[in-house]
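Worksheet: one structure, shown below.
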Amino acid sequence: MQGKKILIINGPNLNLLGQREPSIYGSETFSAFFSQLQTDFPTVSLTYYHSNIEGELINKIQEAGFGAVDGIILNAAAYTHTSVGIADAVKAIACPVIEVHISNTYAREAFRHHSYIAPYAKGVIVGFGLHSYTLALHSYLLNLPDEK
């Protein structure tokens, strides 16, 4: 994974990690967790983007998806279950995307059981807290084949 560029994209309300529903999302901020990821994966060029706005997420996926990065880790949050636009952006780009979720979406409300993104993702990781991102990074480290 030497020299790989990985972009983490987080969607709505994930800027509130550490404050929002700690029983579901934990008490650590994403900023603190991201700093730890950078320490744990020193040979990977990690960047991070967050937006609560669907169109901005689509723009970032398109901007990154044709050679700017080697892979995207995407937590589209609630947009996972509602956004055909984000799904179409993931489908359209060249680089692999791993969909992640902090909580086990299948243990939550029924509407969270469906992902518009999953059919176009390299893989989906749910329910391991912030370590879902770590597992996604490890999958890039293992050079698992792209299904896209």
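Would you calculate a helix-derived [θ] at 222 nm for the chain, using -39,500 (n - 2.57) for each DSSP H run of n ≥ 4 and dividing by the full residue count, to the nearest 500? Show your work: numbers first, answer last.
Details: 5 runs with 46 residues, N = 148.
Computed ellipticity for the chain at 222 nm equals -9000 deg cm²/dmol.
Tell me the relative contact order for the range 1-72 as a rounded percent, counting alpha carbon contacts under 8 Å between residues six or more apart. The partial results should precede the final answer.
Numbers: 86 pairs, mean separation 36.5, N = 72.
Relative contact order, the range 1-72: 51 percent.
Quick one: pull the percent of accessible area on the chain belonging to carbon and sulfur, 1.4 Å probe, ligands and nucleic acids left out.
Values: 3800 of 7130 Å².
It is 53 percent, rounded to a whole number.
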FRET E, pair T43, H113, Förster distance 41 Å, beta-carbon r, rounded to 0.05: 0.65
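When the convex hull of the Cα atoms of the range 75-148 is projected onto a plane and the area is averaged over all directions, what value comes out in nm²? Walk me through the intermediate numbers first.
Details: hull surface 18.3 nm².
With the hull built on Cα positions only, its mean projection is 4.6 nm².
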Per residue, in Å², the accessible surface of the chain once ligands and nucleic acids are set aside, probe 1.4 Å: 48
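The values are calculated or read from the model by the stated rules, or taken from the named source; none is laboratory data. What you see is a predicted model, and the numbers here were worked out from it, not measured in a lab. Positions of Cβ are generated from backbone atoms using ideal geometry, with glycine treated the same way; all protein chains shown enter the neighbour counts. Heads up: the accessible areas ignore ligands, DNA and RNA and are worked out on the full protein's heavy atoms, side chains in. Shrake-Rupley method; radii C 1.70, N 1.55, O 1.52, S 1.80 Å.
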